[in-house]
Amino acid sequence: MTSLRISQIELPSAGLGPENPLPPLRPLGLSQHELKVADSVPARNRKYLNYGSDAGCLPYRFQDSYNRIKRPKQFTAIILENDLLTATFLPTLGGRLYSLHHKPTNRQLLHKNPVFQPANLAMRNAWFSGGVEWNMSIPGHSPFTCEPVFAARLQTDDGTPVLRMYEFERIRKVPWQIDCFLPEGSPLLFVRVRLINSNDHEIPMYWWSNIAVDQASDTRVLAPANEAFTLGVEFEMKMVPFPMIEGRDMSYSRNVKYASDYFYRMPDMQMPWIAALDRNGRGMFQASTPRLNARKTFYWGNQPGGRKWQRFLSTPPNEYLEIQAGIAPTQAECIPMPARADWSWLEAYGPLEAGPEIIHGLWNQAIQHTQDQIQQTLSPAALEKLHHDTETLANTPPQEILHHGSGWARLENLLNESQNTASPFPASQIFPQESLTEQQQPWLELLNKGTYPYRPPHERPGAFVSDKRWLSMLKDSIEAGRSDHWLAWLHLGVIHFAQKNNEAAKQAWQISLDREPSAWAYRNLAQLELLSNDASGKAADLYIATVELFDDLPQLTAEAVDCLIKTDRWNDLENILAAAPQNVSSHSRIQLAYARLQLHQRKHEQAARTLAAIELHDLREAESTLTDLWVDIHTAMLKEQGKSSNKTAILKQYPLPENIDFRMTDD
């Protein structure tokens, strides 16, 4: 018998903390850089590169208040189990498939992270490693990665229990759902994914299922391809032969020097697949119906920084790699989803055993043997039939809601009802009134009473929206005199910004200041200045005014001091740091500013000590801040002694302390 039950798991967990109250006006990470494309990439593979990469983050807020202090914490878990497999999902963390345990061999098929430790790798900052992550709609790690989602119970015609997880992606306005089921006696977990474009226009669409598996030096990743696309350190896409690159077999993690992505150039297949197998030919595979046609491997590499990242995200010696499956050839692109389209596919996850002498032999023979072994368990025709047979299930309303996600989908329904427009949600997704929280309350009041409620400027501005329908409603309320206050104007500017009307956003924030000065409006105006000039003196002035009004938010002060450093406002920087309260001054980004100030003051040894003591909890993947500052300090130290040197020599003479060594390349 297959069962579905709710349980609890306890993990040593860092605190996630509250959402950052500031609207995210500038993107994190590589989305700020233009993708370069090498001549080796065929023209037909260039068509959609960068398509859909300008989505931004609004209306979501950053999740960057986490720490690295781990305490025992209980997480809600939903468990599907039959005689062969136990699958554990975490609905409070994006529906992550946390564990897939094969009972007959007592093997964990996934990388099961023994801790919960967020780090700065997702579009909203916070991300954690392990299990299977579902990334949809927006390029990068999902906005739901560290967010609760809805979970519900239903069943197939033969009584097999089904776990449905679902939510509403607000940037693209996409309802999504995942139906997970484990038939009686099946060695495979099935995951049926559904994406709906609720718009009357085409949108860019993105999906990647990211599967973390344990990594050993003899782990081999196999996929049916002889070429791959990869991104170099200069963010350049190129096509390379696979697996042999410069004399090294990159299907083994031990041969991968740097953190690397390999997007396999897959042939057209009825059942695309990928597998990770150990020295004995044992491991796991993932396969799907053909809409999910891309496959990829991610390695952290064997540089000190890659190994450091593995420890940073977990506890030694828990090393992992990721095998991934997506709907576009690479993660540097989306694909067009037509207006009102309803897409689905079926994925299968399960154990695999193959002949080790073949698996670790010649590449093409290893691929064929792996595919043969997979198809002994699951034929392409059987998978396609199961996908077709569960179409009615995918449209069936759930029998019982087990867990609530956010209230935004419910608010979306209420907005549509008020305007006599159709709901974007299928009958398979239910969003009850009780899912509404304080985040939606001001917007609910605007919807029901025509008023956006006032709060004083020393309070935080609340959650944001980005739909232009709210823009019209809020504007009408302001013009009618019902909401002509600083906070309504602030939110009006945020919606204008999300609609890519920066000039209207600027005017709204200036009027917000006229109504009542607030740190929030000053800060937003400073961010606008920085979008056009990264070293803007006007932005520095605005940030000084910001911190004078609100000095108790570390992220706000961190933005301000970064701007002051870039504009050489050292006296202002010193004044802000001297006045910072303890909860701000102890933040690792503020500690970095102290080290930069000490460098400017020629207190080189003190600056080096300050830097070496920092544990930068929100370091971004591939960010070189720590290395660059270490080199700058020692370059200045040598210059004062009448000596000169280069970066390579400095790092050899003054090695980076281990706790700040996140280098992903040789330098």
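Can you work out which of the residues in segment 191-226 that are of a type in the set (Asp, Glu) and exposed (fewer than 15 other Cβ atoms within 10 Å of the Cβ) is farthest from ASN318 (Cα to Cα)? Lay out the reasoning, then the answer.
Initially, segment 191-226 is screened for residues of a type in the set (Asp, Glu), giving 200, 202, 214, 218.
Within this subset, residues satisfying the condition of being exposed (fewer than 15 other Cβ atoms within 10 Å of the Cβ) are 200, 202, 218.
Details: ASP200: 46, GLU202: 42, ASP218: 15 Å.
Here the residue is ASP200.
How many of the residues in segment 12-26 are of a type in the set (D, E, K, R) and out of contact with any Leu (no Cβ under 8 Å at 6 or more places or on another chain)?
So in segment 12-26, the residues of a type in the set (D, E, K, R) come out as 19, 26.
Restricting the remaining residues to those that are out of contact with any Leu (no Cβ under 8 Å at 6 or more places or on another chain) gives 19.
Looking only at that region, the number is 1.
Would you mind finding the one in ILE358, ILE367 that is in contact with a helix residue (DSSP H, G or I) (Cβ under 6 Å, 6 or more places away or on another chain) and outside any strand (DSSP E or B)? Break it down into steps so the answer makes sense when it comes.
Details: ILE367 fails: in contact with a helix residue (DSSP H, G or I) (Cβ under 6 Å, 6 or more places away or on another chain).
Every option except ILE358 fails the conditions.
Keeping to segment 193-218, report how many residues are touching a residue at least 40 places away in the same chain (Cβ under 8 Å), of a type in the set (Ser, Thr, Tyr) and assigned to a loop (DSSP other than H, G, I, E, B). I'd like the intermediate steps shown before the answer.
Step one: of segment 193-218, the residues touching a residue at least 40 places away in the same chain (Cβ under 8 Å) are 193-216, 218.
Then drop every residue that is not of a type in the set (Ser, Thr, Tyr), which leaves 198, 206, 209.
This time we only want the ones that are assigned to a loop (DSSP other than H, G, I, E, B), so: 198, 206.
Counting residues in segment 193-218 that are touching a residue at least 40 places away in the same chain (Cβ under 8 Å), of a type in the set (Ser, Thr, Tyr) and assigned to a loop (DSSP other than H, G, I, E, B) gives 2.
Tally the residues that are farther than 23 Å from LEU553 by Cα and either crowded, with 20+ Cβ neighbours inside 10 Å or of a type in the set (Asp, Glu) (or both), restricting the search to segment 568-603.
The number of residues fulfilling the criteria is 1.
Quick grid of which residues meet (1) out of contact with any helix residue (DSSP H, G or I) (no Cβ under 9 Å at 6 or more places or on another chain); (2) at pLDDT 95 or above; (3) not hydroxyl-bearing (Ser, Thr, Tyr):
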position	(1), (2), (3)
THR390	yes, yes, no
LEU393	yes, yes, yes
SER406	no, yes, no
GLU412	yes, yes, yes
SER418	no, yes, no
LEU474	no, yes, yes
HIS491	no, yes, yes
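Yes/no matrix, rows are residues, columns are (1) outside any helix (DSSP H, G or I); (2) touching a His at 6+ places or on another chain (Cβ under 7 Å); (3) among the basic types (Lys, Arg):
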site: ALA381; (1), (2), (3): no, no, no
site: PRO398; (1), (2), (3): yes, no, no
site: LEU402; (1), (2), (3): yes, no, no
site: ARG410; (1), (2), (3): no, no, yes
site: ASN413; (1), (2), (3): no, no, no
site: ALA427; (1), (2), (3): yes, no, no
site: GLU445; (1), (2), (3): no, no, no
site: VAL465; (1), (2), (3): yes, no, no
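Quick one: which residue in ALA325, ALA348, ALA339 is over 21 Å from the mean Cα position of the chain (by Cα), in a strand (DSSP E or B) and among the small types (Gly, Ala, Ser)?
Values: ALA325 fails: over 21 Å from the mean Cα position of the chain (by Cα); ALA339 fails: in a strand (DSSP E or B).
Just a single option satisfies the conditions, and that option is ALA348.
How about segment 539-645: which helices (runs of 4 or more DSSP H) wholly inside it have at least 3 residues that are of a type in the set (A, V, I, L, M, F, W, C)?
Details: elements: 554-566, 570-579, 582-585, 588-600, 604-612, 625-640.
Hits in segment 539-645: 554-566, 570-579, 588-600, 604-612, 625-640.
Across segment 273-310, what is the number of residues that are in a loop (DSSP other than H, G, I, E, B), closer than 30 Å to HIS617 by Cβ and out of contact with any strand residue (DSSP E or B) (no Cβ under 8 Å at 6 or more places or on another chain)?
Kept after step one, since they are in a loop (DSSP other than H, G, I, E, B), are these residues of segment 273-310: 278-281, 289-293, 300-303.
Okay, now just the ones that are also closer than 30 Å to HIS617 by Cβ, so 300-303.
Now narrow it down to the ones that are out of contact with any strand residue (DSSP E or B) (no Cβ under 8 Å at 6 or more places or on another chain): 302-303.
Count: 2.
Is at least one residue of segment 186-195 out of contact with any Asp or Glu (no Cβ under 6 Å at 6 or more places or on another chain) and either of a type in the set (Val, Ile, Thr) or more than 28 Å from GLY283 (Cα to Cα) (or both)?
As a first pass, look at segment 186-195 and keep what is out of contact with any Asp or Glu (no Cβ under 6 Å at 6 or more places or on another chain): 186-190, 193-195.
Subsequent filtering for residues that are either of a type in the set (Val, Ile, Thr) or more than 28 Å from GLY283 (Cα to Cα) (or both) retains 193, 195.
Scanning segment 186-195, I find at least one residue that is out of contact with any Asp or Glu (no Cβ under 6 Å at 6 or more places or on another chain) and either of a type in the set (Val, Ile, Thr) or more than 28 Å from GLY283 (Cα to Cα) (or both), so the answer is yes.
With respect to PRO183, is the statement that it is in contact with a Ser or Thr (Cβ under 9 Å, 6 or more places away or on another chain) and not in a strand (DSSP E or B) true? Explain how you work it out, then say what you get.
Values: in contact with a Ser or Thr (Cβ under 9 Å, 6 or more places away or on another chain): yes; not in a strand (DSSP E or B): yes.
Criteria met by PRO183.
Consider THR230 against the criteria (1) within 30 Å of LYS103 (Cβ to Cβ); (2) surrounded by fewer than 24 Cβ atoms within 10 Å (Cβ to Cβ); (3) among the hydroxyl-bearing types (Ser, Thr, Tyr): it satisfies all of them except one. Which criterion is unmet?
Evaluating THR230 over (1) within 30 Å of LYS103 (Cβ to Cβ); (2) surrounded by fewer than 24 Cβ atoms within 10 Å (Cβ to Cβ); (3) among the hydroxyl-bearing types (Ser, Thr, Tyr) leaves (1) as the failure.
Go through segment 657-666 residue by residue and tally those that are assigned to a loop (DSSP other than H, G, I, E, B) and in contact with a helix residue (DSSP H, G or I) (Cβ under 6 Å, 6 or more places away or on another chain). Before the answer, list the steps.
Just the residues of segment 657-666 that are assigned to a loop (DSSP other than H, G, I, E, B), to begin with: 657, 661-666.
When the remaining residues are screened for being in contact with a helix residue (DSSP H, G or I) (Cβ under 6 Å, 6 or more places away or on another chain), the result is 657, 661-664.
Of the residues in segment 657-666, 5 are assigned to a loop (DSSP other than H, G, I, E, B) and in contact with a helix residue (DSSP H, G or I) (Cβ under 6 Å, 6 or more places away or on another chain).
Looking only at segment 334-358, filter to residues that are of a type in the set (Gly, Ala, Ser) and surrounded by fewer than 17 Cβ atoms within 10 Å (Cβ to Cβ); which one of those is farthest from ALA223 (Cα to Cα)?
Quick first cut of segment 334-358, residues of a type in the set (Gly, Ala, Ser) only: 339, 341, 344, 348, 350, 354-355.
Next, only the ones that are surrounded by fewer than 17 Cβ atoms within 10 Å (Cβ to Cβ) stay: 339, 341, 355.
Values: ALA339: 33, ALA341: 29, GLY355: 16 Å.
Among those that are of a type in the set (Gly, Ala, Ser) and surrounded by fewer than 17 Cβ atoms within 10 Å (Cβ to Cβ), it is ALA339.
When only residues in segment 120-136 that are among the aliphatic types (A, V, I, L, M) and in a strand (DSSP E or B) count, which is surrounded by the most Cβ atoms within 10 Å (Cβ to Cβ)? Let's see the steps before the verdict.
Of all residues in segment 120-136, those among the aliphatic types (A, V, I, L, M) come to 121-123, 126, 132, 136.
Keeping just the survivors that are in a strand (DSSP E or B) gives 121-122, 126, 132, 136.
Details: LEU121: 21, ALA122: 26, ALA126: 26, VAL132: 29, MET136: 22.
Residue satisfying both the conditions and the ranking: VAL132.
Could you identify the single residue in GLN373, GLN324 that is in contact (Cβ under 8 Å) with a residue 12 or more places away in the chain and over 30 Å from VAL41 (Cα atoms)? First the steps, then the outcome.
Numbers: GLN324 fails: over 30 Å from VAL41 (Cα atoms).
GLN373 is the lone residue from the list that is in contact (Cβ under 8 Å) with a residue 12 or more places away in the chain and over 30 Å from VAL41 (Cα atoms).
Examine segment 31-42 for a residue that is modelled with pLDDT of 95 or more, part of a loop (DSSP other than H, G, I, E, B) and within 24 Å of the chain's Cα centre (by Cα), and state whether such a residue exists.
No, segment 31-42 contains no residue that is modelled with pLDDT of 95 or more, part of a loop (DSSP other than H, G, I, E, B) and within 24 Å of the chain's Cα centre (by Cα).
Suppose we filter PRO139, PRO183, PRO148 for residues that are surrounded by fewer than 22 Cβ atoms within 10 Å (Cβ to Cβ) and in contact with a Gly (Cβ under 7 Å, 6 or more places away or on another chain); which single one remains?
Working: PRO139 fails: surrounded by fewer than 22 Cβ atoms within 10 Å (Cβ to Cβ); PRO183 fails: in contact with a Gly (Cβ under 7 Å, 6 or more places away or on another chain).
The unique qualifying residue is PRO148.
Please enumerate the residues belonging to segment 222-238 that are in contact with a helix residue (DSSP H, G or I) (Cβ under 8 Å, 6 or more places away or on another chain) and either of a type in the set (Val, Ile, Thr) or assigned to a strand (DSSP E or B) (or both).
Within segment 222-238, LEU222, PHE229 qualify.
Search segment 505-527 for residues that are free of Cβ contacts under 8 Å to residues at least 24 places away in the same chain and pair each with any residue that is crowded, with 23+ Cβ neighbours inside 10 Å and not aliphatic (A, V, I, L, M) when their beta-carbon atoms are under 7 Å apart and the residues are at least 6 apart or on different chains.
Matching pairs, first to second residue: ALA505/GLY493; ALA505/PHE497; ALA508/TRP489; ALA508/GLY493; TRP509/GLY493; TRP509/ASN524; ILE511/TRP489; LEU525/TRP509.
Look through segment 472-502, keep the residues that are farther than 22 Å from GLU559 by Cβ, without any contact (Cβ under 8 Å) to a residue 24 or more places away in the chain and among the charged types (D, E, K, R), and return whichever of them is surrounded by the most Cβ atoms within 10 Å (Cβ to Cβ).
LYS475
Looking at segment 424-434 only, could you name the residues that are free of Cβ contacts under 8 Å to residues at least 60 places away in the same chain and either under 17 Å from LYS173 (Cα atoms) or surrounded by 15 or more Cβ atoms within 10 Å (Cβ to Cβ) (or both)?
Of all residues in segment 424-434, those free of Cβ contacts under 8 Å to residues at least 60 places away in the same chain come to 427, 432-434.
Selection gives ALA427 alone.
Does any residue in segment 559-574 that is aromatic (Phe, Trp, Tyr) come within less than 7 Å, Cβ to Cβ, of a residue that is surrounded by fewer than 18 Cβ atoms within 10 Å (Cβ to Cβ) six or more places away or on a different chain, and which pairs are these?
TRP570/HIS600
The values are calculated or read from the model by the stated rules, or taken from the named source; none is laboratory data. The structure presented is a predicted model; accordingly, all values stated were derived computationally and were not measured. Reconstructed Cβ throughout: ideal geometry from the backbone, glycine too, with neighbour counts over all protein chains shown.
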